[in-house]
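Just so it is clear, none of the values below were taken in a lab; they were calculated from the coordinates. Keep in mind the model is a prediction, meaning the values are calculated, not measured. Virtual Cβ from ideal backbone geometry, glycine too; neighbours counted across all protein chains shown.
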Amino acid sequence: MAASATPPSPGFISCSRPVSHSPPSLLFHVAGGLVAEEQHERLRRFVDEWRGDAFAALDSAADHACTFASREVTDLNRDPVLLRTCFNDDGEVLVDVMNKTSSIFDKVVYVLAFDCIEVSRFRQLAQTEFYPRLLVFGLRPNSEDVPPEGELQKSFATSLSFFNDLIKYISGLRRLIVNLLKQLEAIYRNEAPCPYFLSCHLRTVFSSLVDGLTVIVTVDEIIAQNLNIGHAMSLFTRMLHSVRGDPPRFNMAPENVEELDRAVNDMDNILTSGLFQKCIQEDIHGNLQMVNLKSNKFFLDEFATLIRDSLTQSISRLDSLRERPYDREQLAGVLAIFILYTWMNVDSAPEKKATKLVMDLLKRAPVIHVFCVTQITCLSFLRARLPPWILATSFLRDAQKEAGTVNRAYLTSLDETLSRNSQNMQNELVHWLVSFDSTVSPTVQRLAIHAMLRMRLKQLAQGVFLANRLQYIIRATIDCHVSLGEPLSKDQVRSLRHAAELLQVVRAVYHRRNSETVLAMSNILELAQTQIQKHLLSVKAQLEVEITAGSKSSSLHLFARSFTRGKDVDTKIQDALAAVDLAVEMLQGCPSLQRRTVLHICLDTLFGLNKLSEESVAEILELSLLVDVAVDIHKIVETSTDCSFLYWSREMMPTCFALLYTQTREARSLQHVIGAFKDGIKLLKIGHAEEGVVESYERELGDSIINEVVMPLCRDIETDLRLHVHSAHLKGTVNVNPTKTGVRDLSWLLQVSPLRLDTKYIHIKTRVEMYLNAAFYDHAAVALHNWKTYNEMRQLAQQKYGLELDDIHLPCQTLEQGVDVLDIMRNIHNFVASYTYNLNTQVFIERLSSATFRKHINTISVKHVANSIRTHGAGIISTTVNFTYQFLAQKFVAFSQFLFDDHIKSRLVKENRFSKMLKDTEGNKRREYPVARAQKLNHEIKKLGSNDIGHSYMDQFRMLIAEIGNALGFVRMVRLGGLSYSSLASGHVQEGKNTSFELGSKNLGMAPEAVQAGKLLDAALESQNMSVDDTSYFNILVNVFSQGLQSDDNIHLKEFVFIVPALIINAVEAMVRSKSKFLKRTRSSADALFTDDGFVMGLAYLLKVLGQDKQFDSLYWFDSVRKHYTAEKSRLEEGLDMDSIANGLMGLQIWSQKLASVSEEDAHNIQMAVKRLSAYLMELELIEFNFSGARIFFL
């Protein structure tokens, strides 16, 4: 998706109210300008304050897992919304120029601008379509160094239409270049239709000519360096020769085979024999229509001047921070222009100044990168394409002799730049990052709005220039080392890796501040256009003064001027004025490509007047450059920070990651390094490489991360944990001295957010946890006696590194009786909240949310309680009742506070009043409590608020009652556990007989020791027959609280019965929702339940304690809600019931009408509603039955 900026002029794709189109020159000079400036400043401060508050609110609401480490690296390819500016005019600017005037000057500008725009379009098409596909053609996965038989033929066959389009593209570009040369030749001659141009240097047109030849040269070099293209053509041609012998066998007609063979031969002749050389030989040197070029001295002199100026300016910017993104690419085009000039200047020695500049270029930049890894060796390029009469001179002899020395010196300078100036460039880049990335700073606040916008414009260009310089250093250093066979040292690889990181940082900063940049783009460009317009208006005023002065001259003076070429002077002034007017008109709208091209041509013509000072010319050129950069900022940033050339240097990949691992504090730059190598995947996809190539490269990238970062980290952490544990247990066996061995904080790598590749993620922390879990389990399985050591290492890993490791799933001890009752009793408040109770099976089941870090859940049954009583004795039963009493006393405080709250109490009083009114109106009739009022009460209490995890007050009150019921269920289980233990212990004693072993021993005359043993046996049997059956602990817990809770001090509890219907509805909905979560694998699955009988247990107990059993029964609540759900279900089922419709024509008509009235979506919704109501009815019946069973305990 693409969103657009909000600029002030037509031609921008705007999302808000456009700004008025008043002339920029008057914008800041109108009356009341100070007031407008003040209001603008106030608005800016308000927007900054609002933005700060909004970001603070978003950060506070964000998930705690979204840390800075996960936000610091952005991925442009995975953004849901891509924000880009698009500068388009509402109409055709060039057409408007032609329609408004019939001036020769305007027509010339129109023709030149049209050609320049077409060259730009051709260049853009080459960079996005042809370059990448030619570059990656024939690439194979790493496992397939040699392609299988027939694979190249197949690849060429699938790309046949592409090569055909390439031929058409090159043909059109060649015609365009020839046309551009003809236009220039027509301008620079004695009989020129517009003599005014003879004194001007059309650098914009010359630059377009350079761009066009650069495209041809680049395509030529890519084809020459990618040997797979020529090899595939030859293999395909050989295959066609085989097909020609028997076309029907291959299901082809003979004429089609012949036509295809001719087409492939033409492609081979055009593409593999040198496109640039064909362009020179066929289109220019050997073209009879271009003979005028060779004899036009004005044109050749202008051509030489433009070559010298272009080389001088480009060479002066090389190896400096002023170097522009496309300078080196255009140098290839300038060399091509120089070669073209030598071919046009037949049998003449090369121009000395231009030759000297070319020789200087061979020393400063012997190698030029034109696209990705495609490079041009300048000396070889010139020797292969210069005309014979130039090669016969001593022009290149000295350069050829010094080639080896120059290349070595060039490599040495690159290495020195990489080692010596890398820190300086890093400082420059950090300074730019801080200034550009800071949205609101004290410096910016103190600046005026104009100065702030101008500073932002310069910052946009400065970052691109820095990135371009870094990219050149990386690419040139790698290629020179490869071409000269010089290995890279580890320090050099580290510096290259760091430079690639900085490129990714620059891209990330532009991306992070993209929205601010787009929003400010309109104001920035308008300011720059206004500054240019000021200078142009001053020139216009001078020209108008000259014209006015000339019109006032005497007739004698005019007659004299007619003999001194004064007419030409007047024409030049008129043309200059037309150029100014046209340039000002182009500055009125958005800076689209058409407007900027026309503007640049007009400026080229105006600079030859010498009406502007050097400072003004320099400022206009600077502003024009900044506007060009700002308009295409997204494309230039993408090009300048692209590291796709690292695909051909992927041997560095393991070394880069290994060196980064040694510097753990640089762990956060790991994603930047991956991003640099991942640019190759983007190039492969743009170039339509095979899926196997992309997958192989991504797999190689992932393997390098695993082998050089993850696995060493796993081993080092395991070793560190082992040394710590052993040094604590075995004194002297491990000697760790941080002062000698150093300290490496490995936790930096564990804090890195998941690393993004193309189709997968690598989470270092998770992989380390998996490794340690497997290692600890394997080692513990081999030596079971070491389980405790590995458990300590697991705990140490959590404390030191924050690693959440699993328990060692091996038996470290034997425990038959399960959870101890004493532990439950001491932590009963945690127990009742972490377990759910099943009334029928007498089992407590642990909640999933309480066992998120385990692979099992605990259950507690009567058997576990019996085992605990066997261990601790029957005395723990009374202790359990005492602990439960204390727990219930605390819970009743919270219970009372909830019902005493004004929001709850007022609603319950209203329900009490309604119940009394219902009783008074209906008399002795059966009064069922309406379901609608219970649902309304439940909904109103839910709206009062919720806690941090989303539980409403009604949900919390229901869980409070469930905890009370769980405590009572635990008392019941302890009582049954005591009975179970007693029955097992006295299993060998005959029932129904009160035998005394002490008396029997005495009667038998046994020894005193036997009598004493019989006495002890009697006491043991009596302890087993303890009065558990006779003691009703539930009645005790009811009586101990009922008197106090039913007193006048707690009169607010009398309305509790009226919240019970709403509680039951809330419980039904919660249980249905919890049971449905068993079928879903989401984060909320931890809240899944299938039983919670503690609620009905607590509800029955509370009604008994408060003495509200009969009052609740008088509501006939379960009958009312059952009728409500049944009626609702029947009503919905009637909407889908087709069986009750009669047969025959009448029944068919009724069935058709009914079917037409119910859409498929409505029918699905009705079915889902019926299913939901069925679940509610079933859950309601379960609650009713369990509630009836629970009330029996309190009779």
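Ranking Tyr801, Tyr885 by Cβ neighbours within 10 Å, fewest first, what do you get? Don't jump to the answer; show the numbers that get you there.
On the way: Tyr801 22, Tyr885 16.
With the sparsest Cβ surroundings first, the list reads Tyr885, Tyr801.
Got a sec? How would Phe645, Phe607 order by Cβ neighbour count within 10 Å, fewest to most? Each step should come with its number before you reach the end.
On the way: Phe645 23, Phe607 17.
The most exposed by this proxy come first: Phe607, Phe645.
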Exercise. Once all Cα-Cα distances of the stretch 214-267 are split into 5 Å bins that start at 0, what whole-number percent is in each one?
Worked result: 4, 19, 21, 18, 14, 10, 8, 5, 1, 0
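Evaluate E = 1/(1 + (r/R0)^6) for Asp806 and Glu1133, where r is the Cβ-Cβ distance and R0 equals 45 Å; express this FRET efficiency to the nearest 0.05. Walk me through the numbers on the way to the answer.
On the way: r = 49 Å, r/R0 = 1.09.
Calculated transfer efficiency: 0.35.
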For this session: Measure out, as a whole number of angstrom, how far apart the alpha-carbon centroids of the stretch 324-376 and the stretch 177-252 sit.
Result: 18 Å
Problem set entry | Separation in nanometres of the label points that stand 7 Å from Cα toward Cβ, at Gln574 and Glu37 | 4.3 nm
For this session: May I ask you to compute the full-extension gain from Met770 to Ile1051, defined as 0.36 nm times their residue separation minus their alpha-carbon distance, rounded to one decimal in nm?
Result: 95.2 nm
For this session: Just grab the label-to-label distance for Ala384 and Tyr885, each label 7 Å out from Cα along the Cβ direction, in nm (one decimal).
Result: 10.2 nm
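What does the highest-first list of 530-542, 757-769, 128-140 look like by mean Cβ count within 10 Å? Walk me through the intermediate numbers first.
On the way: 530-542: 18.3, 757-769: 16.6, 128-140: 21.3.
Order by mean packing, descending: 128-140, 530-542, 757-769.
By average Cβ neighbour count within 10 Å, what is the ranking of 891-902, 111-122, 770-781 from highest down?
Values: 891-902: 14.7, 111-122: 20.7, 770-781: 16.8.
Highest mean packing first, the order is 111-122, 770-781, 891-902.
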Exercise. Given the Cα-Cα distance of Lys168 and Phe1090 and 0.36 nm per residue of separation, how much length would full extension add, in nm?
Worked result: 324.8 nm
Problem set entry | Burial ordering of Tyr790, Tyr110, fewest other beta-carbon atoms within 10 Å first | Tyr110, Tyr790
Exercise. For the modelled label position 7 Å from the Cα of Met711 along Cα-to-Cβ, which residues of the stretch 756-792 have backbone nitrogen atoms closer than 18 Å?
Worked result: 762-776
Exercise. Say each of Glu1009 and Arg121 gets a label point 7 Å from the Cα, pointing the same way as Cα to Cβ; how far apart are those two points in nm?
Worked result: 12.0 nm
